[in-house]
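> Take a look at the following structure, please.
The values are calculated or read from the model by the stated rules, or taken from the named source; none is laboratory data. Not measured: the values here are computed from a predicted model. Quick reminder, even Gly has a Cβ in these numbers, built from the backbone with ideal geometry, and neighbours come from all protein chains shown. We work out accessible area using only protein heavy atoms, side chains counted, and drop any ligands, DNA or RNA first. Shrake-Rupley method; radii C 1.70, N 1.55, O 1.52, S 1.80 Å.
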Amino acid sequence: MNVLLDNFPEFRDGFIGTVSITAVSSVIALFLGVIIAGFRVSPVPPLRYFGTAWVTLMRNTPLTLLFLIFFFVVPEILFPGMSPFVLGSLALGFYTSSFVCEAVRSGINTVPLGQAEAARSIGMTFAQTLQIVVLPQATRTVIPPLSSIFIALTKNSAIAGAFSVAELFGWQKLMSDKGYDIVPVFIWVAIGYLVVTFTISGLFRLLERRMEVAR
Amino acid sequence: MSGVSVTKDAEGAAPAANDLVVLSNVNKHFGALHVLQDIDLTIARGEVVVVIGPSGSGKSTLCRTINRLETVDSGAISIDGKPLPQEGKELARLRADVGMVFQSFNLFAHKTVLENVMLGQVKVRKADKKAAEEKARTLLDRVGVGVQADKYPAQLSGGQQQRVAIARALAMDPKVMLFDEPTSALDPEMINEVLEVMQQLARDGMTMIVVTHEMGFARSAANRVVFMADGKIVEEATPDQFFSNPRSDRAKDFLSKILHH
C-alpha cells in the first residue's frame, strides 16, 4: 500500500492531469457539440452537410487513431510546437463533440415543432429561435445522456497517457516500470477515476433535479 | 404618370395601393397531393377574411404560406407590396409584421405569460424592457388575462392560453393577423372568450385572415368568406350571400352538412 505514499507527488500530478484534460476537453466538446447540433438542424444546406460530415468522421474514427493524427499529423501541417496537453484535449474534445452533438440533436427533436414555429412567426431568426426557445427546452432531455458522455470522456482520457500527457493512467505505467506490484497500483488508479466520474454523475444529478423544479 | 392608369382597366388599378396581402397563382404539393391549386387571393387593408371548408381542403396550408411557414412550389405572395423573401434575416423581419395564432397555442412553455408577450418586443423589435413590459401588461389586460401574467402557460386554461397567444402576436404591432383554426383545440365553453377578443380586433380595424369552423364568427365579423375545397378556392362572397345563397354545389353540400344537424 505504500506505492501511493512513496509516489504521492506523481500520483497527485496524474490525478490533476486527468481532471484538467477532462475539464478542458469537456468544455471543447460541449461548445462544439451544441454548435454542430445547430448546424445539423439549420435551414442552410452547407451547414447541415458540414455537421453531418463532422459527426460521421469524428464518431466513427477510433479514438486512438484520432490521437495519432493529432500528435503526428496536425503539428506537422498546422500548428508546430503545441503541447501534448493541448493536442490531447483537442483530440478528445473533437471526438466527444460528435456524441454531444447527437445527444443535443435528439433533445432538440423532443421540443414540439410548434415552439419553433411560434418563435419564427414573431420574427426571430433561426439562431434566436434555437438559443432562446428550443435549446432551453431541450436541456432537460439532454442532461442524462450528457452525463454518460462525459463519464466516457473521462475514461477515454487514459489514452492521452500513452501520448506523454501526464495523467492518472500514465502513473500506472510509471509504477509498473519501477517494479511495483501491479494490483495495488491499479486499485489506486481505479479509485482516482471513480472520484472524477462520481463527481460528474453527482453534478449532473443535481442539475437534473434543478431542472425539474424549474417547470 | 397619369398615363399609367389609363392603360389599366379601372378595376385592376384601383385596389392596388390598398392591397395588403396578395397571393397570385400559388401552387403547392405535399408529395403527390396537390394541396394548393392556382390560388389567387387578395386581402385589402382592414379586411377580415374568413376561410372555411372541409378538412384537408388546404385552408391551414394557405394560412401558413402567407408567413412562409410553408414554402410554395410556384406562384407569388406579397405582403404590403413586398414579395416574400427567402429564409433569412429579411424574412424574419417580415414575419414580425405578420401576427400568427396557432390551433395549439404554441406559447413558449419555459417562459411566463408576461415573458411570452415581451420576448418578441425585446429580442426582435429591440424594445426597452420596461416599455415592453408595460405594453405586454396592457395587451394582457385587453385580452382579459392580466391577472395571469406571472404564471406559466401550462397553468392556464386553453382559452386563456389562446388569448395570451393573441396578445403575443399583437405585441409586434402586426400589419395583418393570421388565425389558423384558433378555437379548434378548445373546450366549447372557452371558444367564446377567444372569439370575443377576435371580434373586438376586427372592430378595431385589424386586417385578419381567419381559418375557422366557427360559422357564427364568419357571419358576424367577416367582410368576406372564402370557401375552399380540394385545394381550390371554390367560392368567395360576403357572409350573407354565402350562407343564405351559396352558388357552388360543393358549398351547398358543405353547408347542408354543418348547418342542418
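> Under a 1.4 angstrom probe, counting protein chains only, how are B:Lys151, B:Lys126 ranked by accessible area, largest first?
I get B:Lys126, B:Lys151, largest accessible area first.
> If N is the number of residues in chain A, what value comes out of its Cα radius of gyration divided by 2.2 N^0.38 Å?
Normalised by 2.2 N^0.38 Å, the Cα Rg of chain A equals 1.19.
> Oh, and also: With the Cα gyration tensor of the protein assembly as shown in hand, give its eigenvalues times 5 under a square root as the equivalent ellipsoid semi-axes, listed largest first in whole angstrom.
Numbers: eigenvalues 716, 120, 71 Å².
Values for the protein assembly as shown, descending: 60, 24, 19 Å.
> In addition: May I ask you to compute the full-extension gain from A:Ser176 to A:Ala127, defined as 0.36 nm times their residue separation minus their alpha-carbon distance, rounded to one decimal in nm?
Full extension of this stretch gives 12.4 nm more.
> So what is the 222 nm mean residue ellipticity for chain B from helices alone, if each DSSP H run of at least 4 adds -39500 (n - 2.57) and you divide by all residues, rounding to the nearest 500 deg cm²/dmol?
Rounded to the nearest 500, the figure is -11500 deg cm²/dmol.
> For B:Thr112, A:Thr64, give me the order by solvent-accessible area with a 1.4 Å probe, most accessible first, ignoring ligands, DNA and RNA.
Listed by decreasing accessible area, they come as A:Thr64, B:Thr112.
> Still on this model: Quick check: residue separation of B:Arg137 and B:Glu189 times 0.36 nm, minus the Cα distance between them. What number comes out in nm?
Extra length available between B:Arg137 and B:Glu189 comes to 16.2 nm.
> Using only Cα atoms, what Kirkwood radius does the range B:104-261 have, in angstroms?
Hydrodynamic radius (Kirkwood, Cα pairs) of the range B:104-261 is 17.0 Å.
> Can you give me the C-alpha center-to-center distance between the range A:161-189 and the range B:194-224, rounded to a whole angstrom?
Their Cα centres are 76 Å away from one another.
> Here is a follow-up. Using a 1.4 angstrom probe, figure out how much accessible area the range A:17-130 has per residue, in square angstrom, rounded to the nearest whole.
Value for the range A:17-130: 44 Å² per residue.
> Still on this model: How many angstrom lie between the Cα centre of the range A:84-142 and the Cα centre of the range A:35-76?
16 Å
> Over chain B, what is the relative contact order in percent, taking alpha-carbon pairs closer than 8 angstrom and at least six residues apart?
Here the relative contact order equals 24 percent.
> What is the distance, in nm, between label points placed 7 Å from the Cα along the Cα-to-Cβ direction at A:Phe50 and at B:Asp150?
4.5 nm
> Now for a separate question. What distance in nm separates the simple spin-label points at B:Arg93 and B:Ala76, each placed 7 Å from Cα in the Cβ direction?
With each label point 7 Å from Cα toward Cβ, the separation is 2.0 nm.
> Roughly what angle does helix B:158-170 make with the longest principal axis of chain B, taking Cα atoms, 0 to 90 degrees, to the nearest 10?
80 degrees
> Which angle from 0 to 90°, rounded to the nearest 10, does the C-alpha axis of helix B:113-123 make with the longest principal axis of chain B?
Roughly 70 degrees between the two axes.
> Ranked by accessible surface with a 1.4 Å probe, highest first, in what order do A:Arg140, A:Arg205 come?
Descending accessible area places them as A:Arg205, A:Arg140.
> Moving on. For the range A:1-108, which chymotrypsin sites (Phe, Trp or Tyr not before Pro) pass both filters: DSSP loop (anything but H, G, I, E, B) and at most 15 other C-beta atoms within 10 Å?
The qualifying sites: there are none.
> Hey, another quick one. In a Gaussian network model over chain A where Cα atoms closer than 10 Å are linked, find which of A:Gly17, A:Gly38, A:Gly202 has the largest mean-square fluctuation.
Maximum among the listed residues: A:Gly202.
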